[in-house]
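Report on the following structure.
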Amino acid sequence: MQVSIACTEQNLRSRSSEDRLCGPRAGPGGGNGGLARAAVVPRPPGPAGALRESTGRGTGMKYRNLGKSGLRVSCLGLGTWVTFGSQISDETAEDVLTVAYEHGVNLFDTAEVYAAGKAERTLGNILKSKGWRRSSYVITTKIFWGGQAETERGLSRKHIIEEIVRAMTYVINQGLALYWGTSRWGAAEIMEAYSMARQFNLIPPVCEQAEHHLFQREKVEMQLPELYHKIGVGSVTWSPLACGLITSKYDGRVPDTCRVTIKGYQWHKDKVQSEDGKKQQAKVMDLLPIAHQLGCTVAQLAIAWCLRSEGVSSVLLGVSSAEQLVEHLGALQVLNQLTPQTVMEIDGLLGNKPHPKK
């Protein structure tokens, strides 16, 4: 099973805090394509309510529907941005993937732009060598940047959403993917794509991939829940630790992982050491007592906090070692302890809870 995700150039060029970094792509990534030959159309959105959640036997992993489609994905997925084919060796990548799979993770996310294509190849080679049942995991991959030539990048007539919806429908009808979604699209663009799909009897998107963490809340908490209830589009979120600002053993230092360069997008330590960055570091320190009370790390608390948001199907983790992955997976136990009172306490400390605009 596979999900293809399209990204718009307008959003990719945005340097705002809401639209940082993406690695878009669509089509087969690493695996050997979907299993179905017919188009899979998501069922109409059901009544308002939380995502149906179940717990895997033996692993404790929780599974949710991808949006309101029938596809079940682990609520914690494994991302390959920065790490696979770049920051870590292929041997370490295999260890990480193996531990993830053994702990019930069935969602692996990549993109054609990650490590200039090497992340996809690394992921694909590992999956091929493992011989796991192709029906037992899901690959999500993204398209936009493919090469230097004009014909190797973009979404063709990217401002005409109808063409994107038709292209994704073709990909699904060919059996190259089973579902498709968007990455860093605005709510209005997603709604337009859905309307086009319904008007021309095409396949609508089932998910939006968006940045979401303690300091980036507006889109996932205010805009996407409405789309989830109206048209069944769920959220797959990334960067739960704010690009490494939040670490397992937070001591106020700026981690090296904050230095990232992809296709002209640069995050430097001076970004974190800015006035806003220092304020965010102080708020992370304020969360330490809550983490200690729950018996967890601040990183586990931050990941669990992301999982509690309405309409979130899965939160993507980016790790550089199997040990770090196991520690982050501990967020599942923390999620069970996040009472409404605790969430209110966190909101009070952060002071950035978004509110509906009048």
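Being at pLDDT 95 or above, touching a strand residue (DSSP E or B) at 6+ places or on another chain (Cβ under 7 Å), part of a loop (DSSP other than H, G, I, E, B) and surrounded by 14 or more Cβ atoms within 10 Å (Cβ to Cβ) is a property that residue 34 lacks. Filtering the stretch 323-345 to residues that are within 20 Å of the chain's Cα centre (by Cα) and over 19 Å from residue 58 (Cα atoms) leaves only 324. Of the residues in the stretch 68-97, how many are more than 16 Å from the chain's Cα centre (by Cα) and of a type in the set (Lys, Arg)? Residues in the stretch 68-97 being more than 16 Å from the chain's Cα centre (by Cα) and of a type in the set (Lys, Arg): 1 in total. Scanning the stretch 175-232 for residues that are within 25 Å of residue 244 (Cα to Cα) and of a type in the set (Asp, Glu) returns 208, 211, 218, 221. Checking the stated criteria, residue 204 turns out not to satisfy the condition of being in contact with a helix residue (DSSP H, G or I) (Cβ under 6 Å, 6 or more places away or on another chain), at pLDDT 95 or above, over 18 Å from residue 162 (Cβ atoms) and part of a loop (DSSP other than H, G, I, E, B).
Scanning the stretch 317-331 for residues that are open to solvent by less than 10 Å² (accessible area, probe 1.4 Å) and closer than 12 Å to residue 78 by Cβ turns up 317, 319, 325, 328. Of all residues in the stretch 114-131, those being within 15 Å of residue 87 (Cβ to Cβ) and not charged (D, E, K, R) number 6.
Confirm whether residue 230 is touching a residue at least 12 places away in the same chain (Cβ under 8 Å) and over 28 Å from residue 300 (Cα atoms).
Answer is yes for this residue.
Kindly establish whether residue 23 is open to solvent by less than 20 Å² (accessible area, probe 1.4 Å), under 19 Å from residue 180 (Cα atoms), at pLDDT below 50 and of a type outside the set (D, E, K, R). So residue 23 fits the description; yes.
The set of residues in the stretch 245-300 that are touching a helix residue (DSSP H, G or I) at 6+ places or on another chain (Cβ under 7 Å), at pLDDT 90 or above and outside any loop (DSSP other than H, G, I, E, B) comprises 283, 284, 286, 288, 290, 291, 294, 298, 299, 300. Can you confirm whether the stretch 89-110 contains a residue that is at pLDDT below 95, surrounded by 19 or more Cβ atoms within 10 Å (Cβ to Cβ) and out of contact with any Leu (no Cβ under 6 Å at 6 or more places or on another chain)? No, the stretch 89-110 contains no residue that is at pLDDT below 95, surrounded by 19 or more Cβ atoms within 10 Å (Cβ to Cβ) and out of contact with any Leu (no Cβ under 6 Å at 6 or more places or on another chain). Keeping to the stretch 175-201, report how many residues are in a loop (DSSP other than H, G, I, E, B) and open to solvent by less than 30 Å² (accessible area, probe 1.4 Å). Within the stretch 175-201, residues that are in a loop (DSSP other than H, G, I, E, B) and open to solvent by less than 30 Å² (accessible area, probe 1.4 Å) number 6. Report, by residue number, each residue of the stretch 98-148 that is over 16 Å from the mean Cα position of the chain (by Cα) and of a type in the set (Phe, Trp, Tyr). Hits for the stretch 98-148 are 101, 132, 144, 145. Report yes if residue 40 is farther than 21 Å from residue 193 by Cβ and at pLDDT below 95, otherwise no. Spelling it out, it is not the case that residue 40 is farther than 21 Å from residue 193 by Cβ and at pLDDT below 95.
The values are calculated or read from the model by the stated rules, or taken from the named source; none is laboratory data. Remember, predicted model here, so these are calculated numbers, not experimental data. Backbone-built Cβ (ideal geometry, glycine too); neighbour counts: all protein chains shown. Ligands, DNA and RNA are excluded from the accessible area calculation, which covers all protein heavy atoms including side chains. Shrake-Rupley method; radii C 1.70, N 1.55, O 1.52, S 1.80 Å.
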